[in-house]
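Data first, discussion second: the structure below is written as structure tokens.
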Amino acid sequence: MDFFWIIPSIIISFVLFSSAFSKFFSYNDFIIAIQTLYSPKFISVKTISIMVVGMELILAFSISLNFFAAFAFILTSLLFLLFILLFIKSILKQQEVACNCFGIQRGLTNKKMAILRNVILIGISIIGYFITSYNNFSSSLVEITCILITSALALISLKYLIYFN
């Protein structure tokens, strides 16, 4: 039964690890996506890209290692909310977007599905917050972190092998 308490941590950590690694491995596509979603005025595109990937990695490690996990779940929810607001902005501006959310972008993003996905991820983050905050959540997640990183890299590698062949 204890395994079910860590499911939100596994899901959110996997999403964050996968997202960060895929952005790292397809950096040029990610830069184009930033320029499409947000026209930077005060902060350079490179700085934004480093901040997003770094934040995703830090949050993924924090949640998967149960180190300030409750706070990390809150920050993760805010990060997904930021992405939702950027998608809503692009819908209002009737702007086509290739978000490069999880790797190489092959076409335009379905913004409504991206918003729905992020709302679901916010819901999972909120559940994770309550589990870690109020349930004395003290399970060791080091092994799960290794599995998540390995799985994320394996899936991304498969994606690239399929894409380039």
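The values are calculated or read from the model by the stated rules, or taken from the named source; none is laboratory data. No experiment lies behind these values; they were computed from the predicted model shown. With ideal geometry, Cβ positions are generated from the backbone for all residues, glycine too; neighbour counts draw on all protein chains shown.
Structure values in brief
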item	result
Residue count, segment 68-97 (criterion: modelled with pLDDT under 90 and either part of a loop (DSSP other than H, G, I, E, B) or touching a Gly at 6+ places or on another chain (Cβ under 9 Å) (or both))	8
One residue from 62, 77 being crowded, with 17+ Cβ neighbours inside 10 Å, among the hydroxyl-bearing types (Ser, Thr, Tyr) and free of Cβ contacts under 8 Å to residues at least 40 places away in the same chain	62
Selected residue (criterion: surrounded by the most Cβ atoms within 10 Å (Cβ to Cβ)) from residues of segment 21-54 that are among the polar types (S, T, N, Q) and not in a helix (DSSP H, G or I)	26
